[in-house]
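Comments concern the structure below.
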Amino acid sequence: MLQFRRVIMQTVVPAFIPRLAILILAVAAAACAPGPTAPDTTAYQARAESLEAAGDHLAAAEEWQSVAEMSAGSARDRAYLRAARNLIAAGRPAEARRTLDGIAAAPAGPDAIEFALLYASSAVATGDPVAALEKLDRLPPDLEGRALAHALRLRGEALFDLGRGAPAVETLVRRELILTSSADIADNRRFIWNRLQEAATAGADLSTPPGAGPDVAGWLELGRILQVAGGNPFRMRGSLEGWRETHPEHPASLTVLDAVLANFQALTAYPSKVALILPLEGPLASSARAVRDGFVAAHFEESGDRRPEILILDTARLGATAAWERAAEQGADFIVGPLSKDEVGQLAGVSGGIPTLALNEPAGDIPLPGFIFQFPLAPEDEAAQAARRILADGLYRGVAMVPANDWGMRIAESFGDALQSGGGRLLEVRTYVSGLPDYSDEITALLHVDDSRSRHQRLESALGVNLAFEPRRRQDTEFIFLAALPRDGKQIAPQFRFHYAFDLPVYATSSIYLPGERPGTDLDGVQFDDMPWILLEDDTRIAALRERIGSVWPAATGRRARLYALGFDAYTLVPLLRGSSSGAMSELQALSGTLYLTGSGRVARRLEWARVVNGEVRSGTSGNR
């Protein structure tokens, strides 16, 4: 046996040793060999640069991200920077910001500047100006050239986004000093102008700080002109022309205003002849004369060389259709009128395509030709705005009291529809007969005060004793909506308070207030919507206009002031509506409201709000408290 083991050992050991040696040598060789080689990104970079040069920035960004994923260290960071740059160029700033967030640490050297600029650019584009300014503040103070120009542009944009108009303008004016190309300088000035327009619309502070240079002060004054003009191209044009006369050497005068004023002049250019067709005799004569006076007053507010010829025709004598056709025959380029619903409905059959602004809407669902715009002072629209205001004040459940006639029913329907569409609920509507001295029955029924009395009587009867009692109104309502003329409103509003609704806000439409008269304490607490011409007497522009024309046109500030404003605004709308059948008219802050054109060719109004306080109208004080 022992001999057998020796034989085996002699046979196995010599064969095993060479194989073990080979294995040891292989391991040692592997330990000495170089590591795996990095992927070759040359082809990817070539494709990325080719796509970038061709303007396909999104595809280029994808290639650069592939390069970054195959790279390490500074090469990886630079590839991510190139990807972010192309994503911004492709209009994908959010993706660019996420790509930059993928860089573990802010790069050093020249890459640090590009990183900060790209990050600030993506932050501005994604609505984060604070983050943009934080990155820009970390740039080295000795930055110069195109990098400095880019940084100042981004800083100005971020400051404008934060509503800081003066430092934004100061930054961009400083930027112009380092620009060398006339095209870049012109672009910088257009950028300031465009951002000033946005800032003015947003109500940003554009006051001039102490020590501001003349260029900065001039730009900010332009911004305030834009704010005061409120989007009205006529006021804008006149104010800008006056500003340019006093600032002939300002950068805006040298570059921007020529094109801006040319645009406003084209926008506000009147046609050669405008016809006004109104019922100047008969039951609507006094209303028509107020509209006519406003129209003519607006005509004389326009400078002489821009005034069109005015043709006035009487629809009471001719009929609406015949008056419209005669205006067309006599060469009118635009027709304003007629005034009543019936007259407007008569225009359904006219043809010829002459742009027309009807000062009402037809009764029923009579379709009008597409070239006829409608500009009604509709009480239904005011009721709907009241409903939206109530919802904005955080109130959702309420009751309404309206007159028992067609006017009241239309207002109640419009109010209820608007309230319901906004998530509110009209719990009950009560009607009343206009002209009565007492509305206790209607009010107690609306507020369910009688129900509390009935419950008290039933309880006393059941217990057989007299119980102390104070009537209560219903507890499920948050507001009252009242449709009333001034005389009825002064009777009804104090009776709401008497019948335990003293803590409920009361909303109404403009019908409750007669212009030119003191509403009196009976209407205290009532909130209503109305025209700027009626409510904003302290507005500088409106006060100046009232003073200028009030003595010449008595209807301008009297009980027919709303019709005067309708005529004034109708004249103003003429050049803006020419060629605007597609509904492309911008908003216009006018006497009768903020006007805008709906897709159906209807000029709609947004009104101001006021509250009666101590018997006086106080504008801008609405709300549910």
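Throughout, read-outs are computed from the coordinates displayed, never taken from laboratory work. Just so it is clear, the structure is predicted and the values come from calculations on it, not from any experiment. Note that each Cβ is placed from the backbone with ideal geometry, even for glycine, and that neighbours are counted across all protein chains shown.
Side notes on the structure shown:
- Alpha carbon centroid spacing (whole Å) that separates the range 34-102 from the range 274-301: 69
- Backbone N under 17 Å from the Arg138 label point (7 Å along Cα→Cβ), restricted to the range 70-89: 74, 77-78, 80-82, 84-85
- Sorting the Cα pairs of the range 42-267 by distance into bins of 5 Å, from 0 upward, gives 1, 7, 13, 15, 16, 14, 11, 9, 7, 5, 3, 1, 0 percent per bin.
- In this rough spin-label picture, where each label sits 7 Å from Cα along the Cβ direction, the Thr594-Glu428 distance is 3.7 nm.
- Working from label points 7 Å from Cα in the Cα-to-Cβ sense, the Val613 to Met409 distance is 4.0 nm.
- Sites Phe498 and Asp365, calculated FRET efficiency, Cβ-Cβ separation with R0 45 Å, nearest 0.05: 0.60
- Calculated FRET efficiency for the pair Leu58/Arg224, C-beta based, R₀ 60 Å, to 0.05: 0.90
- Set of the range 118-136 residues, backbone N closer than 19 Å to the point 7 Å along the Cα-Cβ line of Ala89: 118-123, 125
- In degrees, nearest ten, helix 561-577 long axis to first principal axis of the chain (Cα): 40
- One chain, two ends: Ala543 and Ser74. Fully extended at 0.36 nm per residue, the span grows by 162.2 nm beyond their Cα-Cα distance.
- Look at the dipole of the range 42-267 built from charges on Cβ: of Leu143, Leu254, Ala204, the Cα furthest out on the positive end belongs to Ala204.
- This ranking places Glu241, Glu157, Glu329 by how few other beta-carbon atoms lie within 10 Å of each, fewest first, which gives Glu329, Glu241, Glu157.
- Between Leu485 and Ala259, full extension at 0.36 nm per residue minus the direct alpha carbon distance yields a gain of 76.4 nm.
- Spherically averaged projected area in nm², based on the convex hull that wraps the Cα atoms of the range 371-427: 4.7
- Potential lengthening of the chain between Ile310 and Ser286 amounts to 6.6 nm, from the contour at 0.36 nm per residue minus the alpha-carbon distance.
- Helix 57-69 axis, angle to the chain major axis (alpha carbon atoms, nearest 10°): 40
- Inter-label distance, nm, simple model (7 Å from Cα along the C-beta direction), Lys273/Glu249: 5.0
- The three principal axes of the C-alpha atoms in the chain carry coordinate ranges of 139, 87, 56 Å, sorted with the longest axis first.
- For the chain, with +1 on Lys and Arg beta carbons and -1 on Asp and Glu, the positive-most of Gly238, Pro308, Ala275 along the dipole: Gly238
- Cα gyration tensor shape of the range 84-177, rounded if a/c is under 1.5, else prolate or oblate by comparing a/b with b/c: oblate
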